[in-house]
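Below you'll find the structure, written out as structure tokens, and then a few comments.
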Amino acid sequence: MTRRPRLLHRLVPRGLRTRLVVAFLLVAALGALAAAALTFRQARAAILDRARDTAIRDLRAQVGSLAPDLPTTPGEADLRSLALQLDRAGGSRGWHTAAAYRDGALVPASGSAPVLPGRLRDAASSARTAVVQRFHHADVPWLAVALPVTRDDRPSEPSGLIVYASFSLADQERDVTALVAAARAGALPVLPLAVVPALLAARRVLRPVRQLRSAAESMASGALDTRIEVTGEDELADLGRTFNTMAATLQADAATLRAMEARARRFAADVSHELRTPLAAMTAVTGVLDQDAASGRLDLETGEALELVADETRKLVRMVEDLMEISRFDAGAAVLELDDVDVAELVGKTLALRHWQRRVGTDVTPGLRARLDPRRVDVVLANLIGNALRHGGPSVPVDVRARAEGDRLVVTVADGGPGIPEDVLPHVFDRFTKGDAARTRSEGSGLGLAIAAENARLHGGTLTAANAPGGGAVFTLALPRDPA
Amino acid sequence: MTRVLLIEDDPAVRRGVTLGLRRNGHETEAVGTGEDGLESLAPFAPDIVLLDLMLPGMSGLEVCRRVRESSQVPIVILSARGDDIDVVVGLEAGADDYIVKPASSELIEARMRAVLRRVAPSQPAPGPGGGPVLLGDLEIDEAAVRVCRNGHELTLAPSELKLLLFLSASPGTTFSRRQLLEEVWEHSYYADARLVDACVKRLRAKVEDDQRNPRYVQTVRGFGYRFGPL
């Protein structure tokens, strides 16, 4: 990447308001400049044209009144006297004149010849009417006029006499300079004055933009019923209307999605409810099946089949119960049954009930008490410890630690296993997230951690997962010690 | 062998539970409605009643109340989790214990056995010389499993009697609800403690003069219950 685009980027103002004002000022400045330039050009041309035209008219008038007095072939004295008379008639214009006949020398009124550009004589020699040339002499603009004189009796044929005049345009130049100053004086105040309408216009344009922004923000924060008050017919009003249409569509879509989700959840709840009764009948006889399978009275295959049916029935029961539990959370039907308990005892019972005492290390502050729902906390702990034991492998240490931190009870379950893959970590509490591909189906419904997280939430607490710096997964359950 | 009256409306569950009970050597009568259950109560004379709460016609709760009007036979509620409120009402109506369906025959067997045990297993068996003990107005005869109040014998449901015997064996000692669940009901530590609360409520109604200011079964806030001190 080159540096220039970044520099350019930095030079372009960030805010829309600043950009609008700057653009407006640029346009105003350009407009003022163009108007001033145009006016200047026109005025300058008018001034110079008038100077030229009056000079030619005056010169022609003078020559017209003096030429008839000249002889047909004027001598140098005649030409000098003509120039002298013309110089005098020039008056305030202060031109210097000279006359020439045919290819004869220029004859000025007196002394030095008038200042003339070189090519003028060439141009004048073949001309039938006045030739004008502007030129600079000693840094001052001059105007030179060459006027071929015709005779009254033969106007179509040049007499050979040409009168030259040149004069300084300094006065006109001063006028033009004054004009430039005036144009600048007129254009410059336009810029600060233009700031006011620019700000007003920017505000007018930006108000709907700001409205749009705050509306979009409140939409983003979930208020899908946000609408904009649209006034007028301009593009911004169109944008506002489009926004409203979008919001309405979004709101309708969200409502549809919610309804669909609610239906899906109700369906899951209904299905698990319906499954429960046949499962209750089947569960009641799993014991009978177990006894017969173990009795040795049946042939091997029948025994195995009975064992399979009994085992899978128990798994199915666990899955349906998990599904029903999560349905109760979804329906808001889960209730806390709070009890004051000794935390060390609670952890000990969780381990003892599942014969985990020898496999799990515990570190619980003695005498630590908390008010919580023991059944739900047992569900959480059993899930976390069970996961740790499964994922860590048989020889990996699993440690449960419980402490009071302020008004919270903080329980951590850490294992020395491989930890949780980074890409799985954000989803460990999602429903049906499998910790790793190697997990077999027999290890649960896929709802265990989701139910654990819901149980923590129901207590007004949190359940978080992380990887320890030294390796291994750490789950942290934080519960209020005494939920009001 | 135990005589079991099973009141359960779903035929499959009824068959399954009956099969399990018979396999475990119990004589079982299974009926589908509360009305039929009440009718067979006198002729069958069960040792224990397993009662489903969700019944067509007369509700399980009503059956529970009617049974208690005439009999202190142990009643165990068969319920599904999620019918929590019904369980509490059922327990307050006089049931001694509950089983959450789906339940295996082993679990049903264990629950039945616990309910049928007349004293808590951890309690030392009363010695031959242990006659009735007088505690306040209560005369508790552990050996005869009998409680009299002001000379009149109280009709206590099995769980009420067991709880009172357990608490009064160590007057002044506080037991947590979890302990009582484990000791008296032989449930797990995590069972529903409302089982204890409902039984305490029923017991107080029978032994206390002023239920709101109990003398025998006292609440120790934040810890549990204790007997006395008188």
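The values are calculated or read from the model by the stated rules, or taken from the named source; none is laboratory data. Since the structure is predicted, the reported quantities are computational estimates derived from the model, not experimental observations. As a convention, Cβ positions derive from the backbone with ideal geometry for all residues, glycine included, and neighbour counts pool all protein chains shown.
Assorted remarks:
- Top-ranked residue of segment B:149-182 - restricted to ones that are of a type in the set (Gly, Ala, Ser) and touching a residue at least 40 places away in the same chain (Cβ under 8 Å), ranked as farthest from residue B:224 (Cα to Cα): B:157
- Any pair with Cβ under 8 angstrom, 6 or more apart, that starts in segment A:102-126 at a residue that is assigned by TED's automatic domain parsing to the domain that holds residue A:80 and in a loop (DSSP other than H, G, I, E, B) and ends at one that is among the aromatic types (Phe, Trp, Tyr) and modelled with pLDDT of 75 or more: A:106/A:164; A:114/A:95; A:114/A:164; A:115/A:142; A:116/A:164; A:117/A:135
- Residues that are under 47 Å from the mean Cα position of the chain (by Cα) and within 8 Å of chain B (Cβ to nearest Cβ), drawn from segment A:326-343: A:328, A:333
- Any hit, segment A:359-375, residues being within 14 Å of chain B (Cβ to nearest Cβ), in contact (Cβ under 8 Å) with a residue 24 or more places away in the chain, surrounded by 20 or more Cβ atoms within 10 Å (Cβ to Cβ) and among the small types (Gly, Ala, Ser): yes
- Filter result for residue A:161 (out of contact with any helix residue (DSSP H, G or I) (no Cβ under 6 Å at 6 or more places or on another chain), surrounded by 15 or more Cβ atoms within 10 Å (Cβ to Cβ) and assigned by TED's automatic domain parsing to the domain that holds residue A:74): yes
- Among the residues of segment B:136-148, not a single one is out of contact with any Gly (no Cβ under 6 Å at 6 or more places or on another chain), in contact (Cβ under 8 Å) with a residue 40 or more places away in the chain and of a type in the set (Lys, Arg).
- Of B:145, B:200, all but one fail to be β-branched (Val, Ile, Thr), farther than 30 Å from residue A:373 by Cβ and either surrounded by 14 or more Cβ atoms within 10 Å (Cβ to Cβ) or away from chain A (no Cβ under 14 Å) (or both); the exception is B:145.
- Residue match in segment A:401-411 (condition: in contact (Cβ under 8 Å) with a residue 60 or more places away in the chain and farther than 26 Å from residue A:334 by Cβ): no
- Residues in segment B:183-197 that are surrounded by fewer than 19 Cβ atoms within 10 Å (Cβ to Cβ) and without any contact (Cβ under 8 Å) to a residue 24 or more places away in the chain: 2 in all.
- Residues of segment A:459-474 satisfying the condition of being more than 17 Å from residue A:431 (Cα to Cα) and of a type outside the set (S, T, N, Q): A:459, A:460, A:461, A:466, A:468, A:469, A:470, A:471, A:472, A:473, A:474
- Tally of residues being in contact with a Leu (Cβ under 8 Å, 6 or more places away or on another chain) and aliphatic (A, V, I, L, M) across segment A:296-318: 6
- Tallying residues that are at pLDDT 90 or above, surrounded by 13 or more Cβ atoms within 10 Å (Cβ to Cβ) and small (Gly, Ala, Ser) within segment A:219-253 yields 2.
- Residue within segment A:299-310 that is within 12 Å of chain B (Cβ to nearest Cβ), under 30 Å from residue B:13 (Cβ atoms) and buried (at least 17 other Cβ atoms within 10 Å of the Cβ) present: yes
- Residue A:429 vs. criteria part of a loop (DSSP other than H, G, I, E, B) and at pLDDT 85 or above: yes
- The number of residues in segment A:262-291 being more than 9 Å from every other protein chain (Cβ to nearest Cβ) and within 19 Å of residue B:19 (Cα to Cα) comes to 1.
- Applying the criterion of being loosely packed, with under 15 Cβ neighbours inside 10 Å and basic (Lys, Arg) to the residues of segment B:207-229, the residue that is nearest to residue B:172 (Cα to Cα) is B:221.
- Of note, residue B:206 satisfies the criterion of being more than 14 Å from chain A (Cβ to nearest Cβ) and either touching a Gly at 6+ places or on another chain (Cβ under 6 Å) or more than 30 Å from residue A:336 (Cβ to Cβ) (or both).
- Residues in segment B:1-46 that are surrounded by 19 or more Cβ atoms within 10 Å (Cβ to Cβ), in a helix (DSSP H, G or I) and within 14 Å of chain A (Cβ to nearest Cβ): B:13, B:14, B:16, B:17, B:18, B:20, B:21.
Here's the yes/no breakdown for (1) hydrophobic (A, V, I, L, M, F, W, C); (2) modelled with pLDDT of 85 or more; (3) exposed (fewer than 12 other Cβ atoms within 10 Å of the Cβ); (4) out of contact with any strand residue (DSSP E or B) (no Cβ under 7 Å at 6 or more places or on another chain):
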| residue | (1), (2), (3), (4) |
| --- | --- |
| A:4 | no, no, yes, yes |
| A:7 | yes, no, yes, yes |
| A:13 | no, no, no, yes |
| A:27 | yes, yes, no, yes |
| A:35 | yes, no, no, yes |
| A:62 | no, no, no, yes |
| A:68 | no, no, yes, yes |
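- Boolean, residue A:295 is surrounded by 19 or more Cβ atoms within 10 Å (Cβ to Cβ) and more than 15 Å from residue B:19 (Cβ to Cβ): no
- Selection count, segment A:344-356, where residues are in contact with a helix residue (DSSP H, G or I) (Cβ under 9 Å, 6 or more places away or on another chain) and either more than 12 Å from chain B (Cβ to nearest Cβ) or acidic (Asp, Glu) (or both): 2
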